[in-house]
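Working notes, structure below.
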2 protein chains.
Amino acid sequence: MSDSIDTFVLAKGFRAAATACGLKTSGAMAATNLDLALVAAAEPCSAAGVFTTNRVKAAPVLYDQEVLSQNAGDIRAVITNAGCANAVTGPRGMQDARRMAALTAEALDCRPDQVLVMSTGVIGRHLDMDKLARGIADIVSPAAQQGAPFAARAIMTTDTVPKVASRQVTIGGGTVTISGFCKGSGMIHPNMATMLGIITTDAVIAPDLLQTALREAVARSFNRVSVDGDTSTNDTVLLLASGASGVEITAENAATDKDNLPSAISAISAVKFTEELTEVCVALAKQVARDGEGANRLVEIRVTGAEDEAQAHTVANSIARSPLVKTAIYGGDPNWGRVLCAAGYSGAAIDPDKLSLTFGPADRYGDRYDTPAIQVVANGLPTSYEERQAAAALRSDPVLVTLDLGLGDAAVTVWTCDLTTEYIEINAHYTT
Amino acid sequence: MSDSIDTFVLAKGFRAAATACGLKTSGAMAATNLDLALVAAAEPCSAAGVFTTNRVKAAPVLYDQEVLSQNAGDIRAVITNAGCANAVTGPRGMQDARRMAALTAEALDCRPDQVLVMSTGVIGRHLDMDKLARGIADIVSPAAQQGAPFAARAIMTTDTVPKVASRQVTIGGGTVTISGFCKGSGMIHPNMATMLGIITTDAVIAPDLLQTALREAVARSFNRVSVDGDTSTNDTVLLLASGASGVEITAENAATDKDNLPSAISAISAVKFTEELTEVCVALAKQVARDGEGANRLVEIRVTGAEDEAQAHTVANSIARSPLVKTAIYGGDPNWGRVLCAAGYSGAAIDPDKLSLTFGPADRYGDRYDTPAIQVVANGLPTSYEERQAAAALRSDPVLVTLDLGLGDAAVTVWTCDLTTEYIEINAHYTT
């Protein structure tokens, strides 16, 4: 399936719209002046959400957690604004989040507790509720920009491109679509909160199964992206299921998810659904990493030969967070000592004498890339590699880094980007 | 006592020298071409050391740990080179570290296991033992540069200034000096290993007591500095005690450390000694943070009102590592949301509604600074502060940031620096 913005549509049963209500005032940070996005379902949906682990949680995060704990089987819409994070705003912030839902519910003729809200933007400022009220009135009118591509653009902050991904699972007589969009340029620009995502599906699925699937998919996608290690106050990924496909997702991992079953059986196992959902999330996550603030290149770090996935993730994350690794990649500099150094201080019980490091497409990539793989370290010692070739591998896009720990069979991939002077410039200057 | 390089001397019983042997070949990284430093004691010393926690440890680190485990009461010298870290060099690296000690021992007419070694420089390359042998022959000759100021310069890599600190404790008839120097520009430049320190004292003190004192002092000084969160393969701080003052350090926290005791009693409690040692280490640590790669300003982050020191340290460290906090300080931008955000994702169980944040000299600083203190957050909500004043507080040097957690009485201070475009430039380009 295509991840192109031009042909991007949500799953059956959902519509999207966007408008500009003046919350995103800074010209510098706005690639578009659209700043309000609506995703609305024709019928009540199942919904699931994962949220920031930051102790400082924005009001919309607290509000959504409350709604989903009570009403996850009966959701109608998600309303999202950019330009103001509604974070560190105290009781008034909670009132504003509730009012944002209530205004949307009124416009859509549903109950407030059927509406989820998301906000991204400056921390510590209150929402301009007058502007927001006018925007919500506008977004349900014919005057709004109609369609998911506009919604994907409206939630952008320092993002330079909108981020969308869709997948379909065809089975017997039914087809399930999973389609979503997100924003996130890796971090906060003038206090912009990072990562918001809305994923829609037309599967028939119960809220608890949906929540389990989302949690697993996010663990292997968005939670494996690091741009600068800062976790925002607003991170939210929502998943809405309209049921419009008529295809049911079942908890049993039965033979019913084989493609060659009679068309009468339109059911997909939750395992299969979670796999497809994970693919959508990974596609979105890689777009977030590639569009990291100031980034020139996507960096894919794979740690193999680990005792378990937790160990692999610990090591991979430490490498992905290292400013030195990321500045070396920016400079196209095969400073492999920095990769081993970051693995060494990760906290994982690695054995330095068993480490092997390869730049470029290692075995797993087959012939997807035509640059050669350059092994620079074998069993803890430098190989006699060509400096020039190693440098070339670090200047390709994506940059592929594979560290084998030599301890077991587990592997994890994480995505990040290079660290450039532009990142500093973007984040240093706040136009007050 | 002065921390001036011009008047810098080691404690009684030690001499220092430096020479250039050609290991530090890159003109770009060398503020001086001196690259070999010797600290030698007239008589056998007590010695203590703390080393990197990185699993990937350089050969000199492994060698020193071995020597100190067997011979900490009988050390004569420390030989240190810059330009090559002797890290990720396998068995040959260990042989080279041993030979570096043996050559020095021969030149000084002592045993090899009386010599400690330190290296800093490129990872993954072998020491040029011919150059090193000539350097060691030279450094004990009259042709060498004599004196601690030269030794402090010889161990520099991307450091822009040498870093020295001295303190004296006068007691009764005796005076104990603690005097040391270090290198560290916060991180690795073309794979430069970070932080080396040598501290000398003329106290009479047993190795185990010396080790305890050093461990405590380092925990409150060097371990509270972060420039970019990368922990090197070579970090080493050594403490040598010559005993030349005749003043004994006793484990008992007795009344004997009062200044008004008869001169016949020349003893200082280990508690008092550790306090003074900590002051020397803090003075050095702050110099490291201020000279962080590309840094414009020293940043002092103090977390107060914590349940315990561990909690305070967790929060302070998270703030000190945040690229967003550090780029905001670079830009003089009072983006306080980033400070709360970093506290929120630190992992500590903070309560967002109890946080208070002040830029500039909070109460604890008395009238040491003439800039005003600006409280920007009180009990989790923004105050009505003047944007201009808050920005001014972030443009002072040092930048003072105080976050009160409102949970208890514990407090911790950490030091870091702003994150600038120059940091990226320094670390991106490796002249191979």
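log10 I(q)/I(0), Debye, Cα-only the stretch A:388-428, no solvent, q = 0.18, 0.24, 0.34 Å⁻¹? The Debye formula, applied to the Cα set alone, gives -0.76, -0.94, -1.13.
Roughly how many percent of the accessible protein surface of the stretch A:346-429 is carbon and sulfur, given a 1.4 Å probe and a whole-percent answer? Numbers along the way, then the final one.
Details: 1630 of 3650 Å².
Answer for the stretch A:346-429: carbon and sulfur cover 45 percent of the accessible area.
Distances from A:S4 to itself in the other copies, using label points 7 Å out along the Cα-Cβ axis, amount to 7.2 nm in increasing order. For B:I171, the residues 5 or more places off, or on other chains, whose built amide H falls under 5 Å of its own are B:V176. Summed over both chains, the accessible area lost when A and B associate is about 4500 Å², using a 1.4 Å probe. Compared with the alpha-carbon gap, the fully stretched path from B:Q146 to B:T212 is longer by 20.6 nm at 0.36 nm per residue. Non-local lysine pairs in chain A, meaning eight or more places apart or on different chains, with alpha-carbon distances under 17 Å, amount to 7. Label points for A:Q168 are taken 7 Å from Cα along Cα→Cβ. From this copy to the others they lie 8.6 nm apart, shortest first. D for the protein assembly as shown, whole µm²/s, Stokes-Einstein with Kirkwood Rh over alpha-carbon pairs at 20 °C and 1.002 mPa s: what number? Diffusion coefficient, whole number: 74 µm²/s. Centre-to-centre, using Cα atoms only, the stretch B:270-331 and the stretch A:195-246 are separated by 38 Å. With θ taken as phi - 60° and the Karplus curve 6.51 cos²θ - 1.76 cosθ + 1.60 applied, the whole-hertz 3J(HN,Hα) list for the stretch A:76-92 is 10, 7, 10, 10, 10, 10, 10, x, 8, 7, 6, 10, 6, 10, x, x, 5 Hz, x standing for glycine and proline.
Of all beta bridges that DSSP places with both ends in chain B, some 70 percent have antiparallel geometry.
I'd like to know how the stretch A:332-402 sits against the 2.2 N^0.38 Å rule of thumb: what's its Cα Rg over that expected value? It would help to have the intermediate numbers written out before the result.
Details: Rg = 12.2 Å, N = 71, 2.2 N^0.38 = 11.1 Å.
Cα-based Rg divided by the globular estimate yields 1.10.
The Cα-based radius of gyration of the stretch A:1-145, divided by its Kirkwood radius, gives an Rg/Rh of 0.95.
Write down the accessible area per residue of the stretch A:317-432 in Å², having rolled a 1.4 Å probe over the full set of protein chains. The partial results should precede the final answer.
Details: 4290 Å² over 116 residues.
For the stretch A:317-432, the solvent-accessible area averages 37 Å² per residue.
Using equal-weight Cα scatterers in the Debye expression, the normalised intensity of the stretch A:94-143 in log10 at q = 0.24, 0.32 Å⁻¹ is -0.94, -1.32. Volume per residue of the convex hull around the Cα atoms, evaluated for chain A, comes out as 140 Å³. Residues whose amide H falls under 5 Å from that of A:T250, counting only those 5 or more places apart or on a different chain, are A:I268, A:S269, A:A270, with hydrogens built in the peptide plane.
Surface composition of the stretch A:1-122: carbon plus sulfur atoms contribute 48% of the solvent-accessible area (1.4 Å probe, protein chains only, all chains present).
Per residue and in cubic angstrom, what volume does the convex hull of the Cα atoms of the stretch A:266-333 have? Write out the running numbers ahead of the final one.
Numbers: hull volume 7.9 nm³, N = 68.
So the per-residue Cα hull volume is 116 Å³.
The residues of the stretch A:77-110 listed by number as losing at least 30 Å² of accessible area in the complex, against the isolated chain and with a 1.4 Å probe, are A:V88. Local charge for A:R134 was computed over the other residues whose Cβ lies under 14 Å away, with Lys and Arg +1 and Asp and Glu -1, and equals -3.
Going from the isolated chain to the complete set of protein chains, the stretch A:56-74 loses at least 40 Å² of heavy-atom accessible area (1.4 Å probe) at A:V56. Residue-wise HN-Hα couplings along the stretch B:203-210, as the Karplus relation 6.51 cos²θ - 1.76 cosθ + 1.60 with θ = phi - 60° gives them from phi, are 5, 9, 7, 6, x, 5, 5, 5 Hz; Gly and Pro carry x. Surface analysis of the stretch A:1-144 yields an accessible area of 38 Å² per residue, using protein heavy atoms and a 1.4 Å probe. The H on the amide N of A:A11, modeled in the peptide plane, is under 5 Å from the matching H of A:S179, A:T200, each at least 5 residues off or on a different chain. Looking down the axis that turns chain B into chain A, the chain B residue with its beta carbon nearest that axis, and the gap rounded to whole angstrom, comes out as B:T421, 2. Our coupling estimate for the stretch A:333-348, obtained by passing each phi through the Karplus curve with A = 6.51, B = -1.76, C = 1.60 and θ = phi - 60°, is 10, x, 7, 5, x, 5, 5, 5, 4, 5, 5, x, 9, 5, x, 6 Hz, Gly and Pro reported as x.
Would you mind classifying the stretch B:275-411 by shape? Square roots of the alpha carbon gyration tensor eigenvalues, ordered a ≥ b ≥ c; an a/c under 1.5 is rounded, otherwise it is prolate if a/b is larger than b/c and oblate if not. Rounded is the answer for the stretch B:275-411, as its axis ratio a/c remains below 1.5.
Comment: the Cα-to-Cβ extended label point of A:R395, at 7 Å, lies 4.0 nm from its counterparts in the other copies, nearest first.
Once the mean of 1/r is taken over each pair of separate Cα atoms and inverted, the stretch A:72-183 shows a Kirkwood hydrodynamic radius of 15.6 Å.
What Kirkwood radius, in Å to one decimal, follows from the Cα pairs of the stretch B:309-363? Please list the in-between numbers first.
Numbers: mean 1/r = 0.0853 Å⁻¹.
With all distinct Cα pairs of the stretch B:309-363 included, I get 11.7 Å.
For the stretch B:201-220, list residues with backbone N below 14 Å from a point placed 7 Å from the Cα of B:A310 toward its Cβ? Under 14 Å, as judged by backbone N against the label point of B:A310, lies no residue of the stretch B:201-220.
Using a Gaussian network model of chain A in which every pair of alpha carbons under 10 angstrom is joined by a spring, one finds that among A:I319, A:I79, A:I171 the greatest mean-square fluctuation is at A:I171.
FRET efficiency for B:Q65 and B:A102, Cβ-Cβ distance as r, R0 = 22 Å, nearest 0.05?
Once the sixth-power term is evaluated, E becomes 0.80.
Sorting B:416-422, A:403-409 by average packing, meaning the other beta carbons within 10 Å per residue, from highest down gives B:416-422, A:403-409.
The values are calculated or read from the model by the stated rules, or taken from the named source; none is laboratory data. Everything numeric here is computed off the predicted structure, so don't read it as measured data. No Cβ is skipped: glycine too gets one built from the backbone with ideal geometry, and neighbour counts run over all protein chains shown. Note: accessible area is taken over every heavy atom of the protein model, side chains too, but ligands, DNA and RNA are not part of it. Shrake-Rupley method; radii C 1.70, N 1.55, O 1.52, S 1.80 Å.
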